[in-house]
Amino acid sequence: PKARVQRYLKSTESKLVEGSRAALLLKGIRCSQNMGVVLKDLRSALQPNCKLLSKNNVIVPFDTEGQQSLEFLSTKNDCTLFCLASTNKKRPNNLTIGRTFDRQILDMVE
């Protein structure tokens, strides 16, 4: 296990020339068909560096629990950017875009 840990640490350390940023596209608690189309268009625009998760996620982005789950998903999928599409009565057709740094959310825009 010691060699495995060393390989993991070497793969996650900073490099002189970083690779391109990957984006994670998610659906929120409820997602309208229009927002699903927006996510699919974003996926086609960012195609090689993008992951679209198809299931709805119980995530409220500006809540501490929601931020923790976004950090977990972005770390698990090795993505530094994320887009969360959701729809509710107060904010119909809502798109939240954010970026992470060092496995923590840096900033978010609604």
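The values are calculated or read from the model by the stated rules, or taken from the named source; none is laboratory data. Note that the structure is predicted; figures quoted are calculated from it, not measured. Cβ sites come from the backbone with ideal geometry, for glycine too, and all protein chains shown count toward neighbours. What goes into the accessible areas is simple: the full protein's heavy atoms, side chains included, and nothing from ligands, DNA or RNA. Shrake-Rupley method; radii C 1.70, N 1.55, O 1.52, S 1.80 Å.
Distance between the C-alpha centers of the stretch 60-76 and the stretch 25-53? Whole Å please. Comparing the Cα centres of the stretch 60-76 and the stretch 25-53, I get a distance of 17 Å. Among 78-88, 14-24, the peptide with the highest mean count of other Cβ atoms within 10 Å heads the list, and the full ranking is 78-88, 14-24.
Under 17 Å from a label point set 7 Å out along the Cα-to-Cβ vector of residue 77, the amide N atoms of the stretch 1-34 belong to 20-32. Lysine pairs in the stretch 1-102 whose alpha-carbon atoms fall under 13 angstrom of each other, counting only those eight or more residues apart or on distinct chains, come to 6.
Going 7 Å from the Cα of residue 99 in the Cα-to-Cβ direction, what parts of the stretch 2-35 have a backbone nitrogen less than 16 Å from that spot? Backbone N within reach: 18-24. The candidate values are [x] 51, 30, 23; [y] 36, 29, 18; [z] 64, 50, 25; the one derived from this structure for Cα extents along the principal axes in Å carries the label [x]. The DSSP beta bridges internal to the chain are antiparallel in roughly 55% of cases. Computed from Cα atoms, the angle from the helix 64-76 axis to the main principal axis of the chain rounds to 50 degrees.
Its Cα centre serving as origin, the chain has a Cβ charge dipole (Lys and Arg +1, Asp and Glu -1) of approximately 400 debye. Distance between the 7 Å Cα→Cβ label points at residue 53 and residue 17: 3.2 nm.
When a 1.4 Å probe is rolled over the protein heavy atoms, the share of accessible surface on the stretch 1-66 that falls to carbon and sulfur comes to 54 percent.
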